[in-house]
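Step one of this worksheet: look at the structure below.
The values are calculated or read from the model by the stated rules, or taken from the named source; none is laboratory data. Bear in mind the structure is a predicted one, so any value in this text is a computation, not a measurement. Cβ coordinates were reconstructed from backbone atoms using ideal geometry, including for glycine residues, and neighbour counts include every protein chain displayed. For accessibility, only protein heavy atoms count, side chains too; no ligands or nucleic acids. Shrake-Rupley method; radii C 1.70, N 1.55, O 1.52, S 1.80 Å.
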Amino acid sequence: MAAHLVRRCCRLLLLPGPPGRPPGPLPGPPALPRALHGGPPRPAETPQAQPRPREEGAGAEQQLRELIQGAADPQELLRVCGGRGLSSNMAGMALARLARLASERGLDPRALHGDPRLLQLLSTLDGQISQVWNTTLVQVLRALPVLGVPRAGRQVRSVEQEVLWRLRRLPLRQLVLLAEHLAGHRDSPLLPEVLRKLELRWTELEGTRTVVTLMAKVGHLAPTLMERLEDKALELAEQLDVEEMRRVVLALALQQRRCVPLLRALSYHLLQKPPELGLPVLTDLLFAYSKLNFQQPQVLHRLALELQPHLGALTPAQVSRCARSFAALRWLSRPLAEGIAQYSLDNSRDMSLTHLCGIVVSFARLNFQPSCSEEFFTMLHERLRGQEAQLEPALLTDVVWSLCVLQQARPYLRQVLSPEFHTRLRGDTSLRAPSSWLKLIHINATARLEAPGYQGPFLPAELLGGDGDKDKDKAKATPLQRGLWEALPGALGGRDLGRHNVRTVFGWDIDAEVVLDSDNKPLPVRDFSAPHLSHSEGTKPLPPGAKRVAFLCWEFPQFSSRGRDLLGRGALARRHLGRAGFLLVEVPHYEFLELKLERQRVSYLRDKVAKALATDMATDTATDTATDTAT
């Protein structure tokens, strides 16, 4: 009987209401006979029964929430909350609002520490923390440090523990807010767990702001997460605005992550943006590209073009940093470089000596001579006169080396080549010391080869370096060097006619060396004396009309045929070796490695030597003609 009645009730519940019934709540289940429930139905079971006290409580809570959010200062907020029986969730909302008001007003949170109303809020929150909503709980965790609550205190530890229990249930947005907050508190036990959850849920990431924020804030703390973020940023690259691109590139630069696909995508979409990028974007992008050594010609051209009108608005430090960035990228924009030189002349009194030295070093690395070179170097010599001792040895070495490239180093050779200075430099144990010592050897070569009338001092011969560990050098040889060494015997006609991997006393390495007689036929190079070596194998002088040929590999595949002129180091090497009597044959990466067959490379080297000899002969003829005309 009872089972039959239950089935009937279920069937009635599934039947639609009568057609004329007005819209309204569905009818409740039919009342069971009194014999089954033993009395009349209770009021709570009737459809008309409504929880009025609960509605009134919800209205009061909503009114209190509006009062908390509408408070204009911390004291007003504490008056609203004082004397009320707040729930733990409302106490959390009040604490989050209090922290925001204190931060906006710039108030010292210690002034609120003794207030009993604040202590009551903290006690209420701590007493029923399991009832606080997720959003409010995350806001409280971020608010407590702002209010000056000790991180080792019970309240903070209680909130952190509750958040830790809820991590699996938190939405991704709350996890991102947590990660952004905890990035400044790396000692928090929550941080590793939050990062691990983000690594597991990275596919849920949506929106460019979230990805950019995570890359900038916590990418350096979680390499695996950073890889996922790079993939997501590559996917969203087209949607990034200029400011977000700036933040992404800066995050990559500061973390030394050279993600080439992402950099290429950002470069492409950056070129599609409106022409005005803004000064902060220009300087930050230039810094990031130089830090990552990422050369993108179209982007660098645009940065230089748009940066030039803003030079007058830059500080000396910013101008020096921009110059160093372009120099690191080996990118010369002559209009911009001329503008930097003129800026230095116009603001020489406001520029510190360090900033001026940075600009000089940048010009040297780009082998750039400003059109106002006489005024520029006169100003530089006036600023340097008597101030050399104030510069660090490494910086002074860089400056004098740069002036050697720019052919302006004569006044400073004696000071940096003195025994006191190079003894001091040899005692340096920093990471810059090997580079500084090599530059000092270059300066010594300039003094010997390019400073007629200079009588010394010079570096001692025993300090100029020997043959070194040739086996180790060969192990580190580039494909271009190995290809040259393999093809050269075929071009010369024998393996004993050339010398490979030559370290000279000028501080430059020669990839290969050959001696040619007056008929341009190779001679055994080891039979002759070699003043460019610290230890010569042979003793015979070169025959009359013989020439030394130096092969120099050019390792920059992204440069055009005129790119070598941008390398101040290469310009100084060519001058030194040329003054030492070498005929130079340069072997560019982009030409030589395209030749796959051995016979092609042999023919290529023979043609290069023939062209160098023809050029040298034409130069000698022109020099003789000019001398005869002058006579």
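A few remarks follow.
- Rg [Å, one decimal], Dmax [Å, integer] - the stretch 406-457, C-alpha atoms: 11.4, 35
- Entry for Kirkwood radius over Cα pairs in Å (calculated from the structure that is shown) out of [x] 29.8; [y] 32.1; [z] 39.6: [y]
- Share of carbon and sulfur in the accessible heavy-atom surface of the chain [1.4 Å probe, %]: 53
- Ranking ALA394, CYS404, GLY494 by Cα position along the charge dipole of the stretch 385-523, where only Lys, Arg, Asp and Glu carry charges on their C-beta atoms, puts ALA394 farthest toward the positive end.
- Where labels lie 7 Å past Cα in the beta-carbon direction, separation of ASP73 and GLU338 in nm: 6.0
- Reducing the stretch 272-286 and the stretch 585-618 to their Cα centroids gives an inter-centroid distance of 42 Å.
- Simple Cβ-charge dipole of the chain, Lys/Arg +1 and Asp/Glu -1, about Cα centre, in debye nearest 20: 2540
- Length-normalised contact order for the chain - Cα pairs under 8 Å, 6+ apart - percent: 6
- Two-decimal Rg/Rh across the stretch 429-551, once Rg and the Kirkwood Rh are taken from alpha-carbon atoms: 1.00
- Helix axis angle, 242-254 relative to the chain longest principal axis, alpha carbon, degrees: 60
- Note that the stretch 380-389 has calculated 3J(HN,Hα) couplings of 5, 5, 5, 5, 7, 4, x, 9, 4, 5 Hz, one per residue in order, obtained from phi through the Karplus relation 6.51 cos²θ - 1.76 cosθ + 1.60 (θ = phi - 60°); glycine and proline are x.
- Helix 190-200 axis, angle to the chain major axis (alpha carbon atoms, nearest 10°): 80
- Whole-Å distance, taken between Cα centres, linking the stretch 357-425 and the stretch 236-263: 37
- Under the Debye formula (equal points on every Cα, no solvent term), log10 I(q)/I(0) of the stretch 139-205 at q = 0.15, 0.23, 0.26 Å⁻¹: -0.44, -1.01, -1.26
- Once all protein chains are placed together, TYR454 keeps about 30 Å² accessible to a 1.4 angstrom probe.
- Note, ³J(HN,Hα) from phi for the stretch 431-444, Karplus 6.51, -1.76, 1.60, rounded to Hz, x at Gly and Pro: 5, 7, 4, x, 5, 5, 5, 5, 5, 5, 5, 4, 4, 4
- Peptides ranked, highest mean first, by Cβ atoms within 10 Å: ranges 582-594, 378-390: 582-594, 378-390
- Once the Cα atoms are used to define both axes, helix 598-630 deviates from the longest principal axis of the chain by about 60 degrees.
- Put a dot 7 Å past the Cα of ASP519, heading toward its Cβ, do the same for ASP187, and the two dots end up 8.3 nm apart.
- Amide H within-cut-off set for TRP508, under 5 Å, with H built and near neighbours excluded: none
- Listed cross-link partners LYS547/LYS596; LYS197/LYS232; LYS439/LYS476 are compared with a 20 Å cut-off, the Cα-Cα value being larger for LYS547/LYS596; LYS439/LYS476.
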